[in-house]
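Structure record follows, encoded as structure tokens.
Coordinate-derived values only; no laboratory data. Only a predicted model underlies this, so the values are computations on that prediction, with no experimental measurement involved. Please note: Cβ atoms are built from the backbone with ideal geometry, for glycine as well, and neighbour counts cover all protein chains shown.
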């Protein structure tokens, strides 16, 4: 399983914005350049994160983008799911679980447990924690 490049870019963009003090706005062109994100990709990502309630955007000369909440209140899970949708390691464990073996499958429980662990880890990792791990 691999998150999409778009989700990776979203995580990097949010981490970049988390480092800005006093809730100042960042120009998307600066975020794109410093995080090596193609500007066209970033525009779509910013829109999705804004719709998800994770970012505030404003246009104009003093426009830009800021986090909608404190970094400690934004989790990796929220950002990834805002871009990629709910995490699903295998189609058999989704809400419409499509498994020909149903409850007789010895592998399904492993997929379920692995997904639960991954979701829990991403949910308990916030952007304040990630900032604390960054070199000064």
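How tilted is helix 39-51 with respect to the longest principal axis of the chain? Cα atoms for both, answer in degrees (0 to 90, nearest 10).
The answer is roughly 70 degrees.
Using Cα atoms only, what is the angle between the long axis of helix 5-18 and the major principal axis of the chain, expressed in degrees (0 to 90) to the nearest 10?
It works out to around 50 degrees.
If you take the beta carbon distance between residue 101 and residue 5 as r and set R0 to 41 Å, what does 1/(1 + (r/R0)^6) give as a FRET efficiency, to the nearest 0.05?
Once the sixth-power term is evaluated, E becomes 0.80.
With runs of 4+ DSSP H residues as the only contributors, calculate the mean residue ellipticity of the chain at 222 nm using -39,500 (n - 2.57) per run, divided by the residue total and rounded to the nearest 500.
-14500 deg cm²/dmol
Subtract the Cα-Cα distance of residue 50 and residue 120 from 0.36 nm times their separation in residues, and report this length gain in nm to one decimal.
Length gained, residue 50 through residue 120: 22.9 nm.
Work out the FRET efficiency for residue 33 and residue 84 from their Cβ-Cβ distance, taking R0 = 30 Å, and round it to the nearest 0.05.
0.80
How many percent of all Cα-Cα pairs in the range 5-132 sit more than 22 Å apart?
42
Quick one: what does P(r) look like for the range 5-77 with 10 Å bins over all Cα pairs, in whole %?
Spelled out per bin, shortest first, that is 20, 63, 17, 0.
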